[in-house]
Structure formats: C-alpha cells, structure tokens
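S.K.: My questions all concern the structure below.
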Amino acid sequence: MSVPLWRAAGVGDVARRLASVFEMPMRVARLLAARGYEDPDEVRRLLTADEPWSDPMDFTDMRAACERILQAVRRREIIAVMGDYDVDGVSAAVIVTKAIQALGGRVTCHIPERVSDGYGFSLRLLEDAKNEGAALIVTVDNGIRAVEAISAALADGLSVVVTDHHEPGDEIVPDGVPVLHFTRHRDPISAKRGCGAFVAWKLAIQLLDAAGVPKADALRRWLTGLAALGTLADMMPLVGENRRLVREGIRVLATEGSAGWRVLCDCARVSRDTLGASDVSWRLVPRLNAAGRMAHADLAYRLLMEEDEEEAKRLAEELEVLNAKRRQAVDAAFAEAVEAVEREHGPNPAAIVVAGAWPLGVVGLVAGRLAQTYACPAIALADMGDGTLRGSGRAPEGASMLDLLSRCAEFLHHYGGHEAAVGCGLDASQLPAFRAALLEAAVAARPTGTAVDPPMAIADDYLMLSESADELLLWLERLAPFGPEHEPFRFFVGPVEIVRCARMGGGEHLRLTLAEGDAHQEAVWFRAPDRIARDTTGLWAFIVELVPNAWRGTVRPQLRIEQGYRLPRAVSREAFAAVFRSLRRGPCTLETLRQRVSGISAHLDRDLESVMATFVELGFAALEGGLYHVIASEKRDLRDSLAYQALVRRHLRPVGGGPSERMEEERTS
C-alpha cells in the first residue's frame with residue numbers, strides 16, 4: 001500500500017463538509033481534515049481560541065501564597081523574587097515583580113549567574129536576600145528542587161513561596177511552604193502544560209484581584225504578554241489555555257509593553273505591525289536568552305522592566321553584542337562537538353555525550369543541534385576547569401531525556417528538567433562511565449521488535465504555485481499561533497524549477513524564484529546548503545511554510561523553505577504529457593508504449609508502469625485485455641494520485657534543511 005506524501009490525501013468527504021460549514025477554501029478544509037479535525041465544534045474552538053481561563057485558585061496553595069505576599073506588602077517587608085536565567089524565568093520574574101510593585105510592596109529581584117550560581121534558588125542567593133533584609137522569598141520558574149536553600153531560609157526565620165513548573169525531585173519541600181506547581185493543582189494534567197511564567201501569571205492575577213486592581217488596566221495586559229513570551233520561549237504545547245494565552249499575549253506584545261520591549265523589537269528589526277509567534281520565538285527570544293548564556297540574565301530582566309527609552313536602547317545594544325558572540329560560540333562549539341561524536345560514537349549513535357572547553361551558556365544549543373543532526377538523545381558538557389563538567393541534554397520527540405538520566409543518576413552530582421531538555425553535572429573522572437551508562441540506557445529504552453517504521457507523510461498538503469496564496473495566508477493566520485502540538489502547516493511544492501537564485505544575509509540565506517509552468521513564486525531558504533547556490537539546474541521539490549512577508553507597509557505571502565529535494569525529469573508534467581500523447585495514438589501494451597516513448601527519458605522508461613498507474617488512478621486511462629487506452633475524464637492534478645506520490649517519493653533526493661533543523665538553527669540566530 002502506498003503511503004501518501006501529504007496527510008491531506010484522501011480526506012475529500014470530511015474536507016468538503018468543513019468547507020461548507022465554515023465557508024472556507026477547500027485547501028484550508030483539507031489541512032484541518034488531515035490533522036484529524038472532523039467535528040465542527042472542534043474547528044470552531046480552534047478558530048476562536050476562546051478556551052476559558054482556568055481559576056488561579058485551582059492551585060491548591062494559591063490562597064496561602066497570596067495571603068503571605070499580601071501580608072508582607074502590608075507590613076512593608078522586603079520581598080525577594082528569585083528568578084532563573086532563561087527567558088521563561090526572566091519573564092516570570094518581571095511578572096511577579098511588577099505585580100508586587102503595583103500593590104505597593106517593597107520588592108527586589110535576584111537572578112542566578114549561570115556559571116557561579118547554577119540553576120535556581122541557592123544558598124548564595126539566600127545570603128544576598130538576607131543581606132538586604134528580605135523577610136519573604138518568592139521563587140519563579142524554579143524552587144521545586146531547592147529543598148536545601150528553602151530549609152535554610154526557614155531556619156533563618158524567612159518565609160518562602162515556591163512557584164515552578166519543573167519536575168520535582170525525590171526531596172519534598174518542607175511543610176508549611178505554599179507551592180504553586182502542577183502537582184498541587186486540581187487539574188494537574190492541564191496545569192503541567194504551563195511554563196514558569198504561566199504559574200507566575202496566575203499568582204500575579206490573583207494578587208491583583210485580591211487587591212482590587214481594575215481588570216482592564218494596562219498592567220494586566222502587559223503581564224499577559226509576558227506570560228505569552230515565557231510560553232513561547234519554553235516551547236510549551238500551544239493547545240487549550242496556552243493557545244488563547246499566546247494569541248492574546250501576542251496582540252499585547254505587538255501594541256503595548258515596556259519601552260525596553262519596544263526597543264528590543266526595533267533592534268531585532270521585527271515589525272510589531274505584523275508580529276507573530278515565530279518572530280517572538282526565533283528572533284526575540286534568542287536575543288533575550290543571550291544575556292544569560294554569555295553574561296548575566298539580569299540584563300534581559302532590566303531591559304523588560306525598563307521604561308526609559310534611552311536606557312532601553314543602551315541595554316538593547318549591549319544585548320545585540322552578546323547575541324553575536326553567542327552565535328559565534330555556538331557555531332565553534334558545535335563543529336568541535338561533531339568531531340567528537342564521529343571520534344567517540346561513530347556515525348549512527350544511540351546516544352551522545354560530548355565534553356569540551358565551551359561556554360556553559362551554549363551547551364544546551366549544541367546538545368539541541370546534536371540531537372537533531374543524529375536523531376538521538378544528546379548531552380553536551382562544558383569543562384568547568386575544576387575537575388567538574390556541567391551541561392545540558394536534549395532528546396528528539398519520543399525519547400525522555402529525564403528518564404534516561406534517572407537511569408544514570410549514580411554518576412551525576414545533580415540533574416533535572418523536562419522530558420525533552422535537562423541540565424546535569426558530574427565529575428570529569430566519571431565521564432567514560434556516564435557515557436557508557438547513557439548509551440546502555442538509550443539502547444534499552446528503544447522499542448523492541450524488528451519491524452521497520454513505515455515511511456511517513458512529509459507535508460500536510462501540496463501547494464500549486466498557480467494558487468492564490470493571499471486568502472490561504474489569511475486563514476493560516478486565523479489558525480495561528482503555531483507551536484508544539486499545533487505545528488505550522490507545511491506544504492509540498494514541486495516539481496518546480498529555480499529560475500532565479502540570490503544570496504542574502506551575508507550569503508548564508510537564499511532568495512529563490514520558483515517556476516511551475518507559467519506560475520512563479522518567491523521563496524526564502526534560511527541557512528541553505530552552500531552547494532545549492534552553485535547549481536540550481538534541474539527539477540526540485542520543497543517542503544515549505546506559507547508566511548507573511550512585510551515590506552514597506554505591504555504584507556504578501558512568501559514561501560519559507562524547510563527542506564529541499566532534487567527530482568529527475570521523469571516526474572515532470574512534460575514527461576507525463578509526452579506519455580499521454582503517445583497513448584492517444586491508439587491502444588497499446590505497456591511494451592509497445594515503452595517503444596513509443598523511448599528516448600524521452602531513461603528514468604521514464606523504468607518508471608513507465610508507475611506513470612500508467614497514475615493515469616489509471618486519475619481516470620485518464622484504462623487497462624482492458626492487456627491494452628491501455630485513453631478515456632474521457634475530468635481535469636485532475638497528477639499530485640492527487642497515490643501512484644504519482646509513490647513515484648515522487650522514490651526519487652526524492654534530500655539536499656538539506658528540515659523543520660526541526662531550522663527550528664534549532666533559527667533559534668540560534
């Protein structure tokens with residue numbers, strides 16, 4: 001049985017029903033049907049993104065947390081917010097700090113330095129809080145595992161409130177400490193989808209409600225935008241409440257926010273008029289993250305808090321310098337890591353552990369690239385120069401990095417994080433044993449059995465260059481935002497020719513003009529393989545996203561290439577037309593037809609049976625008594641045929657790119 005190249009193959013009845021109910025283009029209805037949307041109510045919820053907001057009080061410790069914070073505000077006690085050095089942690093810190101300031105509270109913020117402090121609330125940060133006279137600690141995006149520091153704070157007479165979304169460890173937070181975490185929620189499965197900024201936002205909203213702050217004020221809107229920023233930065237599932245949060249938060253980020261946020265957009269050359277989730281995720285989040293990776297995340301925190309435009313410009317320029325350094329560091333570290341993989345693991349590793357003299361702030365990005373390049377769990381470790389290694393791990397979809405580390409815990413000082421991303425530390429002397437243990441754990445975690453996975457559809461649907469993309473783009477924007485569990489829709493374009501190729505972005509990106517018959521369309525290819533620009537001849541196919549391109553006040557659809565393939569002439573419309581013309585000369589056997597079309601293409605001769613299967617499937621021809629002959633039929637596209645899709649699949653020759661690769665690469669831009 002042929003596996004379709006795109007998911008929308010064969011969804012006609014469902015798609016026609018959806019197109020009728022919602023008065024949407026058939027192409028859009030096909031996309032939705034291919035994703036499994038059959039119930040009109042489901043589609044309506046997807047389009048409206050009006051999931052009811054969950055009650056902050058669903059966190060079972062919310063009342064106790066708010067009472068202690070409000071008590072501290074009334075008593076004029078100093079409240080120390082303990083954040084984290086990634087964008088989620090920084091956003092969460094700004095959210096809680098802004099809310100407490102709005103209540104008139106005395107609040108300071110402490111964000112750990114990645115190298116000297118490590119992750120989360122620590123004994124050193126506790127000393128800082130004590131030195132400034134804090135009476136209450138509020139952790140954001142951390143704390144669920146900071147049992148030692150929490151216990152020390154309690155012993156010194158301080159109070160603690162924990163807000164976090166990370167997986168808990170074996171140690172339990174001491175009794176009497178309010179903990180806002182999915183494990184203490186009336187709907188833990190739903191709550192687990194929330195990032196650290198989401199939990200902090202729920203706390204802030206409840207605090208503002210308790211203090212009677214108006215519900216429609218600018219502060220609440222800005223806090224919503226910050227919660228959306230954290231959600232996108234931590235790549236949380238864009239379903240349910242998260243989907244509504246990001247959709248509404250993006251509107252805030254596009255129109256409001258601090259002076260620091262506005263200047264950041266300007267420095268990144270991001271138009272707020274057309275700001276989308278992808279702009280935030282791939283162009284703004286990396287810049288904010290550069291502070292914590294290359295210097296101190298306090299810079300990102302101060303930028304988001306800043307209301308003076310001149311100071312905001314100074315901070316944003318400093319961030320741009322750090323971002324450029326981060327890109328260089330990642331590229332250099334990744335190149336060294338690949339050499340280490342080839343030397344220590346070979347070309348097809350089950351898991352990867354590499355170490356080097358790399359900045360601690362970039363090893364997570366290196367691990368991410370390794371996991372995508374080799375399609376296996378990967379850990380990149382920075383040599384701290386004191387006999388210890390610290391680093392990050394990333395796992396491809398379907399593998400749990402946290403579970404793998406739990407099987408190797410005896411070799412580690414510490415570890416924690418999510419299924420897809422973790423942090424850890426160990427003695428350098430334990431590296432060989434840890435590498436062997438992780439490899440063994442990864443092999444053991446693989447599914448048993450010898451069955452080979454069937455080929456998968458590589459796109460949601462095909463797209464003809466002759467189609468008007470303006471209406472399709474409008475519908476795609478209605479279906480946005482896209483992200484985990486609601487991935488962007490991707491289209492198969494081809495066979496096409498490249499009639500123009502120009503370098504951009506310093507030469508590493510390409511701007512192409514694609515031709516399909518008389519139809520032309522512009523496309524961009526970020527970090528395209530260098531060899532493409534040197535040879536654009538022949539037929540091509542691409543996996544693309546349709547995105548808005550804003551230029552001088554005008555927004556037009558643009559194809560953004562995710563993956564490229566070369567194709568032989570045998571799959572071209574011209575080749576199929578030549579066969580059809582030969583068939584119209586009269587009924588014939590396959591062998592006779594092969595003689596008629598000899599000389600058209602060597603590939604075509606070998607693929608003639610697939611060509612005829614395509615014609616029969618589409619109703620252009622029939623096979624009776626061993627003879628093929630033309631029959632009258634309605635006009636249909638070759639790509640509607642599974643036989644044609646199977647033929648194209650056999651000939652696809654990848655030349656680089658890929659959705660997951662672009663995701664990590666653009667995020668490091």
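S.K.: Mind checking whether some residue in region 61-77 is within 28 Å of the chain's Cα centre (by Cα) and either at pLDDT 95 or above or surrounded by fewer than 21 Cβ atoms within 10 Å (Cβ to Cβ) (or both)?
M.R.: Of all residues in region 61-77, those within 28 Å of the chain's Cα centre (by Cα) come to none.
Among the residues of region 61-77, not one is within 28 Å of the chain's Cα centre (by Cα) and either at pLDDT 95 or above or surrounded by fewer than 21 Cβ atoms within 10 Å (Cβ to Cβ) (or both), which makes the answer no.
S.K.: Can you name the residue in region 617-630 that is open to solvent by less than 60 Å² (accessible area, probe 1.4 Å), in contact with a helix residue (DSSP H, G or I) (Cβ under 9 Å, 6 or more places away or on another chain) and in contact (Cβ under 8 Å) with a residue 12 or more places away in the chain and is also nearest to A643 (Cα to Cα) among such residues? Working first, answer last.
M.R.: Taking region 617-630 and keeping what is open to solvent by less than 60 Å² (accessible area, probe 1.4 Å), we get 618-622, 626, 628-630.
Right, trim to in contact with a helix residue (DSSP H, G or I) (Cβ under 9 Å, 6 or more places away or on another chain) and you get 618, 620-622, 626, 628-630.
Narrowing further to those that are in contact (Cβ under 8 Å) with a residue 12 or more places away in the chain: 618, 620-621, 626, 628-630.
Values: L618: 9, F620: 13, A621: 14, G626: 19, Y628: 16, H629: 18, V630: 18 Å.
Filtering first and then ranking leaves L618.
S.K.: Right, L32: assigned to a helix (DSSP H, G or I), crowded, with 20+ Cβ neighbours inside 10 Å and either in contact (Cβ under 8 Å) with a residue 24 or more places away in the chain or under 31 Å from the mean Cα position of the chain (by Cα) (or both) or not? Break it down stepwise before answering.
M.R.: Numbers: assigned to a helix (DSSP H, G or I): yes; crowded, with 20+ Cβ neighbours inside 10 Å: yes; either in contact (Cβ under 8 Å) with a residue 24 or more places away in the chain or under 31 Å from the mean Cα position of the chain (by Cα) (or both): yes.
Considered against the rule, which asks whether it is assigned to a helix (DSSP H, G or I), crowded, with 20+ Cβ neighbours inside 10 Å and either in contact (Cβ under 8 Å) with a residue 24 or more places away in the chain or under 31 Å from the mean Cα position of the chain (by Cα) (or both), L32 comes out as yes.
S.K.: Just to be sure I understand the filter: pairs with C-beta atoms under 8 Å, separated by 6 or more residues or on different chains, first member in region 314-326 and closer than 20 Å to W358 by Cα, second member of a type in the set (V, I, T) and in a helix (DSSP H, G or I). Which pairs pass?
M.R.: Close Cβ pairs (under 8 Å, with a partner that is of a type in the set (V, I, T) and in a helix (DSSP H, G or I)) amount to R326/V362.
S.K.: Can you confirm whether region 94-103 contains a residue that is surrounded by fewer than 17 Cβ atoms within 10 Å (Cβ to Cβ) and on the phi < 0 side of the Ramachandran plot?
M.R.: Checking region 94-103: at least one residue is surrounded by fewer than 17 Cβ atoms within 10 Å (Cβ to Cβ) and on the phi < 0 side of the Ramachandran plot.
S.K.: Of the residues that make up region 488-499, is at least one open to solvent by less than 50 Å² (accessible area, probe 1.4 Å), assigned to a strand (DSSP E or B) and within 25 Å of A268 (Cβ to Cβ)?
M.R.: Taking region 488-499 as the starting set, the residues that turn out to be open to solvent by less than 50 Å² (accessible area, probe 1.4 Å) are 488-496, 498.
With assigned to a strand (DSSP E or B) added as a condition, the list becomes 491-496, 498.
Filter once more, so that each one left must be within 25 Å of A268 (Cβ to Cβ): none.
Looking for residues that are open to solvent by less than 50 Å² (accessible area, probe 1.4 Å), assigned to a strand (DSSP E or B) and within 25 Å of A268 (Cβ to Cβ), one finds none in region 488-499, hence no.
S.K.: Would you call V579 among the β-branched types (V, I, T), at pLDDT 90 or above, in contact with a helix residue (DSSP H, G or I) (Cβ under 6 Å, 6 or more places away or on another chain) and within 25 Å of E497 (Cβ to Cβ)? Show your work before the answer.
M.R.: Numbers: among the β-branched types (V, I, T): yes; at pLDDT 90 or above: yes; in contact with a helix residue (DSSP H, G or I) (Cβ under 6 Å, 6 or more places away or on another chain): yes; within 25 Å of E497 (Cβ to Cβ): yes.
Spelling it out, V579 is indeed among the β-branched types (V, I, T), at pLDDT 90 or above, in contact with a helix residue (DSSP H, G or I) (Cβ under 6 Å, 6 or more places away or on another chain) and within 25 Å of E497 (Cβ to Cβ).
S.K.: Right, next: Does R283 meet the test of being touching a residue at least 40 places away in the same chain (Cβ under 8 Å) and surrounded by fewer than 21 Cβ atoms within 10 Å (Cβ to Cβ)?
M.R.: On the way: touching a residue at least 40 places away in the same chain (Cβ under 8 Å): yes; surrounded by fewer than 21 Cβ atoms within 10 Å (Cβ to Cβ): yes.
So R283 fits the description; yes.
S.K.: Among the listed residues A295, A290, A277, A300, which satisfies the condition of being buried (at least 19 other Cβ atoms within 10 Å of the Cβ), farther than 23 Å from V362 by Cβ and touching a residue at least 12 places away in the same chain (Cβ under 8 Å)? Walk me through how you get there before you give the answer.
M.R.: Values: A295 fails: farther than 23 Å from V362 by Cβ; A290 fails: farther than 23 Å from V362 by Cβ; A300 fails: farther than 23 Å from V362 by Cβ.
Exactly one residue qualifies, and that residue is A277.
S.K.: Looking only at region 350-359, filter to residues that are in contact with a helix residue (DSSP H, G or I) (Cβ under 8 Å, 6 or more places away or on another chain) and open to solvent by 10 Å² or more (accessible area, probe 1.4 Å); which one of those is nearest to I379 (Cα to Cα)? Working first, answer last.
M.R.: Residues of region 350-359 in contact with a helix residue (DSSP H, G or I) (Cβ under 8 Å, 6 or more places away or on another chain): 350-356, 358-359.
Still in the list and also open to solvent by 10 Å² or more (accessible area, probe 1.4 Å): 350, 355-356, 358-359.
On the way: A350: 12, A355: 8, G356: 11, W358: 13, P359: 14 Å.
Among residues in region 350-359 that are in contact with a helix residue (DSSP H, G or I) (Cβ under 8 Å, 6 or more places away or on another chain) and open to solvent by 10 Å² or more (accessible area, probe 1.4 Å), the one nearest to I379 (Cα to Cα) is A355.
S.K.: Follow-up. Here are some conditions: (1) at pLDDT below 95; (2) in contact with a strand residue (DSSP E or B) (Cβ under 7 Å, 6 or more places away or on another chain); (3) under 19 Å from M57 (Cα atoms); (4) of a type outside the set (S, T, N, Q). A210 meets all but one. Which one does it not meet?
M.R.: It is condition (2) that A210 fails.
S.K.: If F576 passes every condition in (1) part of a helix (DSSP H, G or I); (2) out of contact with any Pro (no Cβ under 9 Å at 6 or more places or on another chain); (3) free of Cβ contacts under 8 Å to residues at least 40 places away in the same chain; (4) open to solvent by less than 20 Å² (accessible area, probe 1.4 Å) but one, which one does it miss?
M.R.: F576 satisfies every listed condition except (3).
S.K.: Please count how many residues of region 394-419 are in a loop (DSSP other than H, G, I, E, B) and closer than 10 Å to P377 by Cβ. I'd like the intermediate steps shown before the answer.
M.R.: Pass one, region 394-419, residues in a loop (DSSP other than H, G, I, E, B): 395-400, 407-408, 412-413, 418-419.
Narrowing the set further to residues that are closer than 10 Å to P377 by Cβ leaves 395-396, 399-400.
Matching residues across region 394-419 total 4.
S.K.: From (1) within 17 Å of M305 (Cα to Cα); (2) of a type in the set (K, R); (3) open to solvent by less than 20 Å² (accessible area, probe 1.4 Å), pick out the condition that doesn't hold for R221.
M.R.: Here R221 clears every test but (3).
S.K.: Determine whether region 371-381 contains at least one residue that is within 18 Å of the chain's Cα centre (by Cα), crowded, with 21+ Cβ neighbours inside 10 Å and not in a loop (DSSP other than H, G, I, E, B).
M.R.: yes
S.K.: Tell me whether region 602-610 contains one or more residues that are among the polar types (S, T, N, Q), assigned to a helix (DSSP H, G or I), open to solvent by 60 Å² or more (accessible area, probe 1.4 Å) and modelled with pLDDT under 95. So that I can check it myself, show each step before the final result.
M.R.: Taking region 602-610 and keeping what is among the polar types (S, T, N, Q), we get 610.
So of that shortlist, the ones also assigned to a helix (DSSP H, G or I) come out as 610.
Now restrict to residues that are open to solvent by 60 Å² or more (accessible area, probe 1.4 Å): none.
No, because not a single residue in region 602-610 is among the polar types (S, T, N, Q), assigned to a helix (DSSP H, G or I), open to solvent by 60 Å² or more (accessible area, probe 1.4 Å) and modelled with pLDDT under 95.
S.K.: Among the candidates L365, L389, which residue alone is at pLDDT 90 or above, under 24 Å from G118 (Cβ atoms) and either open to solvent by 20 Å² or more (accessible area, probe 1.4 Å) or in a helix (DSSP H, G or I) (or both)? Outline the logic, then answer.
M.R.: Working: L389 fails: either open to solvent by 20 Å² or more (accessible area, probe 1.4 Å) or in a helix (DSSP H, G or I) (or both).
Of L365, L389, the one residue that is at pLDDT 90 or above, under 24 Å from G118 (Cβ atoms) and either open to solvent by 20 Å² or more (accessible area, probe 1.4 Å) or in a helix (DSSP H, G or I) (or both) is L365.
The values are calculated or read from the model by the stated rules, or taken from the named source; none is laboratory data. Worth saying up front: this structure is predicted, and the values here are computed from it rather than measured. Please note: Cβ atoms are built from the backbone with ideal geometry, for glycine as well, and neighbour counts cover all protein chains shown. When the accessible area is computed, the model is the full protein with side chains, heavy atoms only, and any ligands, DNA or RNA have been set aside. Shrake-Rupley method; radii C 1.70, N 1.55, O 1.52, S 1.80 Å.
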